[in-house]
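The values are calculated or read from the model by the stated rules, or taken from the named source; none is laboratory data. All values reported here derive from a predicted model rather than from experimental measurement. No Cβ is skipped: glycine too gets one built from the backbone with ideal geometry, and neighbour counts run over all protein chains shown. In case anyone asks, the SASA skips ligands and DNA or RNA and just uses the protein heavy atoms, side chains included. Shrake-Rupley method; radii C 1.70, N 1.55, O 1.52, S 1.80 Å.
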Amino acid sequence: MPFPADAELIKHRRCNVLGVHISAVGMEDAVRLADEHILRGHKGYVCVTGVHGVMEAQSDSDFLHILNSATITVPDGMPTVWVGAMQGHTGMRRVYGPEYMLELCRLSVSRGYKHFFYGGNPGVAEKLAAVLIKRFSGLQVVGTFTPPFRPLNPEEEAELIDRVRTLKPDILWVGLSTPKQEKFMAAHLARLDTHLMVGVGAAFDIHTGRITDAPRWIKAAGLQWLHRLIQEPKRLWKRYLINNPKFVWNISMQLLHLRTFD
């Protein structure tokens with residue numbers, strides 16, 4: 001897999017969560033950094049990362065490199081925020097992917113930024129575009145692309161590249177799962193004519209009503225994983241019931257300085 005060697009990085013503080021360099025930001029900072037990146041005409045990608053992404057990176061060095069090469073790697077889970085606070089980043093706040101999408105869409109109306117949606121089941125990207133255009137008057141959505149449940153073949157990849165080159169979106173939203181979406185962004189960074197790719201996972205399904213979002217108090221308590229597990233037990237049980245205990249053990253070792261994650 002090609003590494004994102006030409007990703008543009010905007011300097012900001014980051015914390016170390018098991019070797020993953022999570023941006024020590026809140027929502028306002030995350031939106032500002034993305035806006036600054038686009039205004040400068042840079043190319044890059046944003047990873048929206050919580051415990052699942054951090055744990056996937058423990059056994060996949062390529063994925064770890066991709067996360068740490070991102071323009072911004074926002075803290076999508078409360079445990080990453082708590083670890084950041086323990087490392088002195090007291091202003092760090094959760095940047096929840098679906099809410100980050102809404103805030104960037106809100107900003108883009110006044111900026112005139114153009115959006116492209118890649119991912120989701122058939123019809124989801126188109127429905128998402130309709131939902132967001134209705135919510136944000138003046139929002140520019142220039143295209144969508146629904147990929148198959150496999151890697152793109154050469155013809156499909158050429159079609160995507162040509163379409164994006166023609167439409168030139170400022171933000172290309174990638175709605176796959178982790179780590180597929182991050183690996184897609186890294187592999188296509190130099191090939192897609194867009195300033196910023198953002199991997200937002202379940203945001204496509206949440207904003208189109210395919211899955212239900214958790215109440216705010218559940219998010220604040222760091223229990224959104226349980227809410228998701230109840231909705232999709234067959235798909236998510238391994239992610240949460242195996243990865244979460246491993247995360248607690250490893251982060252305890254890191255915080256107690258019994259193991260170093262560089």
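Numerical summary
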{"item": "Cβ-based charge dipole, the chain, positive-most Cα from 23, 197, 244", "result": "244"}
{"item": "Surface share of carbon and sulfur [accessible, 1.4 angstrom probe, percent] for the stretch 175-262", "result": "60 percent"}
{"item": "Across 127/183; 183/246; 114/183; 114/238; 134/168, pairs whose alpha-carbon gap is larger than 31 Å", "result": "114/238"}
{"item": "Ellipticity estimate at 222 nm from DSSP helix runs (n ≥ 4, -39,500 (n - 2.57)) divided over the chain, nearest 500", "result": "-15000 deg cm²/dmol"}
{"item": "Whole-number Å³ per residue for the convex hull built on Cα positions in the stretch 126-262", "result": "163 Å³"}
{"item": "Protein accessible area in the stretch 73-138, 1.4 Å probe - carbon and sulfur %", "result": "56 percent"}
{"item": "Helix 27-39 axis, angle to the chain major axis (alpha carbon atoms, nearest 10°)", "result": "40 degrees"}
{"item": "Rel. contact order, % - alpha carbon contacts under 8 angstrom, at least six apart, the chain", "result": "24 percent"}
{"item": "Relative packing of 15-23, 73-81, which averages over residues the other C-beta atoms within 10 Å, highest first", "result": "73-81, 15-23"}
{"item": "The stretch 26-152: translational diffusion in µm²/s, Stokes-Einstein, Kirkwood Rh over Cα pairs, 37 °C, 0.692 mPa s", "result": "202 µm²/s"}
{"item": "Accessible area of the chain divided out per residue, in Å², using a probe of 1.4 angstrom", "result": "47 Å²"}
{"item": "Kirkwood Rh, angstrom, the chain [1 / mean 1/r, Cα pairs]", "result": "18.6 Å"}
{"item": "Relative contact order for the stretch 1-122, counting Cα pairs under 8 Å that sit 6 or more residues apart, in percent", "result": "31 percent"}
{"item": "Only Lys, Arg (+1) and Asp, Glu (-1) charged, at Cβ; the chain dipole about Cα centre in debye", "result": "620 debye"}
